[in-house]
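Okay, so here's the structure we're looking at.
The values are calculated or read from the model by the stated rules, or taken from the named source; none is laboratory data. Everything numeric in this text was worked out from a predicted model, so none of it was measured. Don't worry about glycine lacking a Cβ; one is built from the backbone with ideal geometry, like all the others, and counts go over all protein chains shown. To get the accessible areas, we keep the full protein, side chains included, count just its heavy atoms, and leave off ligands, DNA and RNA. Shrake-Rupley method; radii C 1.70, N 1.55, O 1.52, S 1.80 Å.
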Amino acid sequence: MNFLIARGLLIPFLGTSLGAALVFFMKRELNVKLQNMLSGFAAGVMVAASVWSLLIPSMEMVSDRGKLAFIPAAVGFCVGMIFLLILDKVVPHMHLDESQEGPKTSLQKTTMMVLAVTLHNIPEGMAVGILYAGWDSGSAQITEAGALTLALGIAIQNFPEGAIISMPLHSKGLSKAKSCWYGILSGIVEPVAGLLTILLASHVISILPYFLSFAAGAMIFVVVEELVPEMSEGEHSNLGTIMFMIGFVLMMILDVALG
């Protein structure tokens, strides 16, 4: 693996780690409105990344199929969402509102909260990995700048997500150091998922369009299942919607200007 790919895989993890470190500088609990804003921003970035960085390149790679160019994007997208749905059902985890999903378990609440964010991070790592795999394979539709742009975009949205996991952990009694450490651990799955995706994709380059849309479907599942409900919690507010708009536009600008 060359330096550029290794750097790209680690950038999102760095965003999560820096965000988790905010626990050392902020109050004991996240304000509900701030949580809505952070979740809305993350959702906007992920939706834009799914469209511009994954679904559109997926269709462009099979543009020679004419009107049937949508097939890899549609199939991969659905499979990606189903894959995350299955993970959501088989992995015990807890959301910020303390609602539990998955099989019954004796795991501590803090552990299940970390598992919930870890599930968020799997498709993000896969998305970065598949773009770097496409670039490394010589695909004309995917550039190193485009892959780097996605990595930077995800790192930006991971920054508030790191705080979203470390701050509630601290509010439940964990020390700031442990809360930060658990936040960092929740992000380690991203470079791991990215590396595994690269290793797998290198053997099946012919179905790369399906991999791209698969990652998009997995990311959209996280947006619909987790982030949208979180940005709407508490009293009715448009703050989450406004931050969704900002996150979406920011990622779109990054992808078009840099990719």
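Of all residues in the range 186-201, count the ones that are open to solvent by 70 Å² or more (accessible area, probe 1.4 Å), in contact (Cβ under 8 Å) with a residue 60 or more places away in the chain and either under 25 Å from Leu68 (Cα atoms) or assigned to a helix (DSSP H, G or I) (or both).
So the answer is 2.
Find the residue count for the range 100-122, including only residues that are part of a loop (DSSP other than H, G, I, E, B) and hydroxyl-bearing (Ser, Thr, Tyr).
Number of matching residues: 2.
Scan the range 242-250 and tell me whether some residue there is in contact with a Ser or Thr (Cβ under 9 Å, 6 or more places away or on another chain), at pLDDT below 90 and either buried (at least 16 other Cβ atoms within 10 Å of the Cβ) or not small (Gly, Ala, Ser) (or both).
Looking through the range 242-250, none of the residues is in contact with a Ser or Thr (Cβ under 9 Å, 6 or more places away or on another chain), at pLDDT below 90 and either buried (at least 16 other Cβ atoms within 10 Å of the Cβ) or not small (Gly, Ala, Ser) (or both).
Can you name the number of the only condition in (1) more than 18 Å from Ser39 (Cβ to Cβ); (2) of a type outside the set (D, E, K, R); (3) surrounded by fewer than 20 Cβ atoms within 10 Å (Cβ to Cβ) that Ser99 fails?
The single condition Ser99 does not satisfy is (1).
Residues checked against (1) touching a Lys or Arg at 6+ places or on another chain (Cβ under 7 Å); (2) modelled with pLDDT of 90 or more; (3) more than 13 Å from Leu10 (Cα to Cα):
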{"residue": "Glu124", "(1), (2), (3)": "no, yes, no"}
{"residue": "Tyr132", "(1), (2), (3)": "no, yes, no"}
{"residue": "Ser137", "(1), (2), (3)": "no, no, yes"}
{"residue": "Ala151", "(1), (2), (3)": "no, yes, no"}
{"residue": "Ala155", "(1), (2), (3)": "no, yes, no"}
{"residue": "Ala163", "(1), (2), (3)": "no, no, yes"}
{"residue": "Pro168", "(1), (2), (3)": "no, no, yes"}
{"residue": "Ser171", "(1), (2), (3)": "yes, no, yes"}
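Name the one entry in Lys33, Lys89 that is of a type in the set (D, E, K, R) and in contact with a Ser or Thr (Cβ under 9 Å, 6 or more places away or on another chain).
Step by step, each of Lys33, Lys89 is checked, and only Lys33 is of a type in the set (D, E, K, R) and in contact with a Ser or Thr (Cβ under 9 Å, 6 or more places away or on another chain).
Out of (1) over 22 Å from Pro229 (Cβ atoms); (2) not in a loop (DSSP other than H, G, I, E, B), what's the single condition that is false for Glu161?
(1)
Can you tell me which residue in the range 66-96 is nearest to Ile207 (Cα to Cα), limited to those that are open to solvent by less than 50 Å² (accessible area, probe 1.4 Å) and either among the basic types (Lys, Arg) or at pLDDT below 80 (or both)?
His93
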